[in-house]
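We did not get these values from a lab; they are worked out from the coordinates using the rules stated. If you're wondering where the values come from, they're calculated on a predicted model, not measured in any experiment. For neighbour counting, all protein chains shown are included, and Cβ atoms are generated from backbone atoms with ideal geometry for every residue, glycine included.
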Amino acid sequence: MSDDQSTGGSGPLSWLEKIRKIFSGEPRNRNELREGLSEARDSGILSEDAYAMMEGALDVSEMQVRDVMIPRSQMVVVHEDSDLDTCLPLIIESGHSRFPVIGEDKDEVEGILLAKDLLHHFANGQSEFDLATIVRPAAIIPESKRLNVLLRDFRASRNHMAIVVDEYGGVAGLVTIEDVLEEIVGEIDDEHDIAEDENIKKIADNRYTVRALTTIEEFNENFESSLSDDECDTVGGLVLAEFGRLPESGERVAILGFEFIVLNADNRRVHLLEARALDS
């Protein structure tokens with residue numbers, strides 16, 4: 001019987017059965033799983049696209065909330081004593097659908113305001129506005145929570161936003177279900193262009209693509225540079241700090257002998273950069 005025939009003689013093995021044959025037993029860890037997937041790709045059982053999708057899914061499962069959250073400094077919030085004249089312009093200008101409601105500062109999150117709840121207020125013809133009556137409870141999660149677990153919790157609770165706290169209990173930022181899903185899709189798509197171990201990829205002489213989540217330490221090791229990681233851990237964070245705002249695709253900034261060009265960014269964060277060393 002050939003290797004492509006099932007043991008029951010019922011016909012060719014499916015690609016899933018072929019993958020099972022590669023693993024003599026259940027993978028003991030993620031590294032063994034990655035090695036098995038790589039072998040399946042090399043042997044032609046998995047196409048490059050299928051392999052990239054699985055690698056992307058594994059990457060996401062290893063990521064934590066801190067990797068995708070909107071940082072505290074960029075949170076658009078509503079103060080608990082706000083009236084309609086204050087709320088409406090903020091909601092319209094931001095274009096968001098959910099807003100943390102805070103007390104004296106961003107560490108005092110009282111709940112979440114949904115823009116649609118304001119519509120219900122107008123639809124019901126209520127004349128007096130009391131923000132406290134429509135604020136919903138806020139879900140609080142640690143920044144170390146893994147994305148795959150958070151997505152499962154979002155689906156179970158039907159929450160779409162959570163407030164992220166650091167190890168000391170202070171508010172570190174927020175995360176939405178859209179952020180998580182976007183990251184999942186983005187990681188899978190990125191696998192087509194940048195391998196899992198290629199946070200920094202050479203595209204031409206003196207030109208490199210750099211993932212925004214690449215640590216400054218890794219960047220410095222690759223380029224023998226001395227970018228500071230005193231205030232930020234990642235290259236993307238360093239670029240954001242230099243701009244002082246969220247840049248758009250195509251914008252560029254010079255930092256300590258390097259020019260960074262934003263290749264991919266949305267209205268929440270930077271995803272991919274191009275870096276080149278400037279002539280000394």
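Along the charge dipole of the range 67-177, pointing to its positive end and built from +1/-1 on Cβ of Lys, Arg, Asp and Glu, which listed residue (Val165, Phe154, Gln74) has its Cα farthest out?
Comparing the listed Cα positions along the dipole, Phe154 ranks first.
Please work out the FRET efficiency for the pair Asp279 and Glu178, using the Cβ-Cβ distance as r and a Förster radius of 45 Å; give the result to the nearest 0.05.
The formula returns an efficiency of 0.60 here.
Suppose the chain between Asn222 and Lys116 were pulled fully straight at 0.36 nm per residue; how much longer would it get relative to their current alpha carbon spacing?
Going from the current span to full extension adds 33.3 nm.
What order do you get for Arg155, Arg207 when you list them from fewest to most C-beta neighbours inside 10 Å?
With the sparsest Cβ surroundings first, the list reads Arg155, Arg207.
So for the range 67-177, what percent of the C-alpha to C-alpha distances run longer than 18 Å?
It works out to 49 percent of all Cα pairs.
Amide H of Ile102 versus every other amide H placed in the peptide plane: which residues, excluding those fewer than 5 positions away on the same chain, fall under 5 Å?
Those lying under 5 Å, H to H, from Ile102 are Val78, His79, Glu80, Glu110.
To make sure I understand, if each residue's beta carbon is the centre and we count other beta carbons within 10 Å, what order do Ile177, Ile216, Ile203 fall in, fewest to most?
Going from least to most buried by this count: Ile203, Ile177, Ile216.
Read phi for every residue in the range 131-136 and hand back ³J(HN,Hα) as whole Hz from Karplus 6.51 cos²θ - 1.76 cosθ + 1.60, θ = phi - 60°, with x for Gly and Pro.
4, 4, 7, 10, 6, 9
To the nearest 0.05, how large is the calculated FRET efficiency for Asp130 and Tyr168 if R₀ is 35 Å and r is the Cβ-Cβ distance?
It comes to 0.60.
Stretch Asp266-Val76 to full length: gain in nm at 0.36 nm per residue minus the Cα-Cα span?
Here the answer is 66.8 nm.
At 0.36 nm per residue, minus the direct Cα-Cα distance, what do Glu242 and Asp230 gain on full extension? Give it in nm, one decimal, please.
Result for the pair: 3.0 nm of gain on full extension.
Order by neighbour count: Tyr168, Tyr208, fewest other Cβ atoms within 10 Å first, most last.
If I rank by nearby Cβ atoms, fewest first, I get Tyr168, Tyr208.
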